[in-house]
1. For the chain, please list each of the helices (runs of 4 or more DSSP H) lying entirely inside it that holds at least 2 residues being in contact with a Phe, Trp or Tyr (Cβ under 9 Å, 6 or more places away or on another chain), surrounded by 14 or more Cβ atoms within 10 Å (Cβ to Cβ) and aliphatic (A, V, I, L, M).
2. Anything in segment 17-40 that is at pLDDT 95 or above, out of contact with any strand residue (DSSP E or B) (no Cβ under 9 Å at 6 or more places or on another chain) and among the charged types (D, E, K, R)? List them, or say none.
3. Six or more apart or on different chains, Cβ atoms under 8 Å: show the pairs whose first residue is in segment 39-62 and free of Cβ contacts under 8 Å to residues at least 40 places away in the same chain and small (Gly, Ala, Ser) and whose second is surrounded by fewer than 12 Cβ atoms within 10 Å (Cβ to Cβ) and part of a helix (DSSP H, G or I).
4. If a residue must be closer than 24 Å to residue 64 by Cβ, β-branched (Val, Ile, Thr) and without any contact (Cβ under 8 Å) to a residue 40 or more places away in the chain, how many such residues does segment 11-35 contain?
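The values are calculated or read from the model by the stated rules, or taken from the named source; none is laboratory data. This structure is a prediction, so every number in the text was calculated from the model and none was measured. We place every Cβ from the backbone using ideal geometry, glycine too, and count neighbours over all the protein chains shown.
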Amino acid sequence: MKRGLLNVHEVAELMRVHPETVRVLARRKDLEAVKVGRGPRAAYRFTPRAVANYLGVRVEDLPAA
């Protein structure tokens, strides 16, 4: 598993969903995220731990990115 923060596309690939699904989960606060920037160019970043918690697995069990 890659160290550091993951972007929307990396999380979508891990979860095998569309990137917009990841954004919706972040907006609803179902998936813990940090919003970077402001306005229309703002982006979400995710920790591997947050993704693992959402998926109900251990961080070590996430596939290598």
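1. Details: elements: 8-15, 19-27, 48-55.
Answer list for the chain: 8-15, 19-27.
2. Selection gives 20, 28, 29, 30.
3. 52/61
4. Initial filter on segment 11-35 (closer than 24 Å to residue 64 by Cβ): 11-19, 21-23, 25-26, 31-34.
Subset that is β-branched (Val, Ile, Thr): 11, 17, 21-22, 34.
Now restrict to residues that are without any contact (Cβ under 8 Å) to a residue 40 or more places away in the chain: 17, 21-22, 34.
Total meeting the criteria: 4.
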